[in-house]
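Beneath this line is the structure, given in structure tokens, with notes to follow.
The values are calculated or read from the model by the stated rules, or taken from the named source; none is laboratory data. Values in this document were obtained by computation on a predicted structure and should not be read as measured data. Please note: Cβ atoms are built from the backbone with ideal geometry, for glycine as well, and neighbour counts cover all protein chains shown. Heads up: the accessible areas ignore ligands, DNA and RNA and are worked out on the full protein's heavy atoms, side chains in. Shrake-Rupley method; radii C 1.70, N 1.55, O 1.52, S 1.80 Å.
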Amino acid sequence: MFGRRSWAKAAVAAVAAATMMLSACGGREATETDPGGEATAGGFETGSLIGVSLPQKTSENWVLAESLFNDGLTEAGYEADVQFANSGASEQQNQIQSMITKGAKVIIVGAVDGSQLGAQVQQAKDAGITVIAYDRLLLNTAAVDYYVAFDPYKVGELQGQALLDGLAERKGEAPYNIELIAGSPDDANTANFFNGAMSVLQPKIDDGTLEIPSGQVAMDQVATQGWKAENVQRRMDTILSGNYSGDTTLDGVLSPNDTLARAALTSAASAGADTPVVTGQDSEVESVKSILDGEQYMTIYKDTRELVNQSIAMVDALQTGAEPEINDTESYDNGAKVVPAYNLEPVVVTEANAREVYADDPILQSELG
Ligand code: BGC
């Protein structure tokens with residue numbers, strides 16, 4: 001049930017070790033000497049407009065992406081138009097439409113709701129614009145050309161495994177009481193984070209290692225509208241007061257990201273519970289501090305610089321009329337096509353390896369001292 005990506009018919013992420021090139025015209029694999037026919041004929045002027053449409057600022061990675069895209073695209077000689085869709089999907093639809101009107105050559109989209117932009121990306125495609133899905137896949141449209149991401153299903157698997165590791169490390173013998181949190185239901189990544197984690201946790205629920213005292217396991221029970229911390233805090237407060245008393249202690253929480261992890265920890269603390277093992281994602285400064293203080297158990301490092309640089313490298317290739325580098329042609333069936341992707345490796349971070357993992361990250365280095 002949880003064994004595959006929610007949008008994918010292909011079950012397994014086969015991340016080819018070797019970099020492959022793919023022709024944009026037919027999915028045909030190409031070689032350096034035969035880079036794919038017509039696809040290389042294009043290209044556009046240096047100095048062209050590149051649109052970047054980001055969702056709401058629901059976590060630090062999006063805020064960081066804004067400045068990295070502005071600086072990186074400008075340094076590479078493009079005109080950057082980086083915008084947030086703070087009020088949601090319809091604002092993002094309008095933004096993309098206006099980027100098309102302004103003559104963007106490439107539009108990079110981190111979708112609020114990956115299923116709500118089909119008409120806009122089709123218009124972009126019709127206008128000869130290349131569309132790159134950034135971090136979140138665009139669903140049910142053939143008009144998306146590429147996807148750049150840290151595989152969300154893999155992120156979920158890592159979170160699920162880390163939760164089990166943390167419980168064994170900090171909470172003694174099984175069984176353990178846990179609660180489940182998922183992200184915002186409109187985010188295309190949400191089901192993949194959750195399903196990836198549940199592919200690891202479900203067998204342990206089935207064999208009695210894990211118990212879920214609230215009984216809340218369905219997506220409509222565990223999802224967090226808008227990725228908002230206050231929604232998690234309210235839900236966890238209710239769960240703790242209704243299901244935990246006496247010998248029933250909360251041992252762990254599956255949380256899909258750091259913002260929600262901190263909300264779960266706050267709720268547990270205000271209920272007077274011992275610190276549960278809580279997972280996260282994004283390596284947000286406050287969460288990394290919490291990990292180093294022995295509170296939040298883990299996070300995931302998805303280096304935003306890598307994600308942005310890889311997207312800009314795609315733009316550079318397109319500018320010269322070449323095919324962008326991709327390394328995955330199988331995993332991301334969005335319902336209309338298998339989207340060629342550049343897949344990056346997420347890294348698990350706990351107290352044990354945090355300083356080592358962040359050694360080259362200037363922001364985390366300066367915050368952690
Ligand atoms: C991103 C996460 C982020 C979440 C909330 C997801 O789509 O992949 O990194 O924590 O959105 O902003």
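Given the condition open to solvent by 40 Å² or more (accessible area, probe 1.4 Å) and either more than 16 Å from the ligand (Cβ to nearest atom) or part of a helix (DSSP H, G or I) (or both), answer yes or no: does some residue in region 251-264 qualify?
The answer is yes; a qualifying residue exists.
Give me the residue from region 136-151 that is aromatic (F, W, Y) and closer than 20 Å to S184 by Cβ and, out of that set, nearest to the ligand (Cβ to nearest atom).
We begin by selecting, within region 136-151, every residue aromatic (F, W, Y); these are 146-147, 150.
Adding the requirement that they be closer than 20 Å to S184 by Cβ leaves 147, 150.
Numbers: Y147: 12, F150: 7 Å.
Looking at residues that are aromatic (F, W, Y) and closer than 20 Å to S184 by Cβ, I get F150.
Looking at the structure I just gave you, is I100 part of a helix (DSSP H, G or I), surrounded by fewer than 23 Cβ atoms within 10 Å (Cβ to Cβ) and of a type in the set (A, V, I, L, M)? Lay out the reasoning, then the answer.
Details: part of a helix (DSSP H, G or I): yes; surrounded by fewer than 23 Cβ atoms within 10 Å (Cβ to Cβ): yes; of a type in the set (A, V, I, L, M): yes.
Yes: the conditions hold for I100.
Does any residue of region 212-221 turn out to be of a type in the set (A, V, I, L, M, F, W, C) and either buried (at least 22 other Cβ atoms within 10 Å of the Cβ) or within 24 Å of V347 (Cα to Cα) (or both)? No, that holds for no residue.
Report, by residue number, each residue of region 50-65 that is within 9 Å of the ligand (Cβ to nearest atom) and farther than 16 Å from V288 by Cβ. Give the steps one after another, and end with the answer.
As a first pass, look at region 50-65 and keep what is within 9 Å of the ligand (Cβ to nearest atom): 55-62.
Result: P55, Q56, K57, T58, W62.
Just one residue in the set E356, E345, E325, E367 is closer than 25 Å to G183 by Cα and surrounded by fewer than 22 Cβ atoms within 10 Å (Cβ to Cβ); that residue is E345. Residues in region 273-299 that are under 18 Å from R170 (Cβ atoms) and in a loop (DSSP other than H, G, I, E, B): A273, D274, T275, P276, T279, G280, D293, G294, E295, Q296, Y297.
Taking (1) out of contact with any Ser or Thr (no Cβ under 7 Å at 6 or more places or on another chain); (2) open to solvent by less than 20 Å² (accessible area, probe 1.4 Å); (3) under 24 Å from I107 (Cα atoms) in turn, V148 satisfies each apart from (1). Against the list (1) of a type in the set (F, W, Y); (2) within 15 Å of the ligand (Cβ to nearest atom); (3) within 16 Å of A273 (Cβ to Cβ), the condition Y244 fails is (2). If you go through region 286-299 and keep only what is loosely packed, with under 15 Cβ neighbours inside 10 Å and either closer than 19 Å to A65 by Cα or in contact with a strand residue (DSSP E or B) (Cβ under 7 Å, 6 or more places away or on another chain) (or both), you end up with just E286.
Please go through region 183-211 and give me each residue that is within 16 Å of the ligand (Cβ to nearest atom), surrounded by 16 or more Cβ atoms within 10 Å (Cβ to Cβ), part of a loop (DSSP other than H, G, I, E, B) and not hydrophobic (A, V, I, L, M, F, W, C), ordered by number. So that I can check it myself, show each step before the final result.
Quick first cut of region 183-211, residues within 16 Å of the ligand (Cβ to nearest atom) only: 183-197.
Now drop any that are not surrounded by 16 or more Cβ atoms within 10 Å (Cβ to Cβ), which leaves 183-184, 186-197.
Those still in the list that are part of a loop (DSSP other than H, G, I, E, B) too: 183-184, 186-189.
Across region 183-211, the qualifying residues are G183, S184, D186, D187, N189.
Among the residues of region 168-182, is any open to solvent by less than 10 Å² (accessible area, probe 1.4 Å), within 16 Å of the ligand (Cβ to nearest atom) and in contact with a Ser or Thr (Cβ under 9 Å, 6 or more places away or on another chain)? Yes, the conditions are met somewhere in region 168-182.
Considering only region 110-134, state which residues are within 12 Å of the ligand (Cβ to nearest atom) and either farther than 13 Å from V339 by Cα or in a helix (DSSP H, G or I) (or both). Quick ask: steps written out before the conclusion?
Just the residues of region 110-134 that are within 12 Å of the ligand (Cβ to nearest atom), to begin with: 110-114, 133-134.
Scanning region 110-134 gives G110, A111, V112, D113, G114.
Of all residue pairs spaced 6 or more apart or on separate chains, those with beta-carbon atoms under 7 Å, a first member in region 65-86 that is touching a residue at least 40 places away in the same chain (Cβ under 8 Å) and a second member that is open to solvent by 20 Å² or more (accessible area, probe 1.4 Å) and among the aliphatic types (A, V, I, L, M) are F69/A80; F69/V82; L73/A80.
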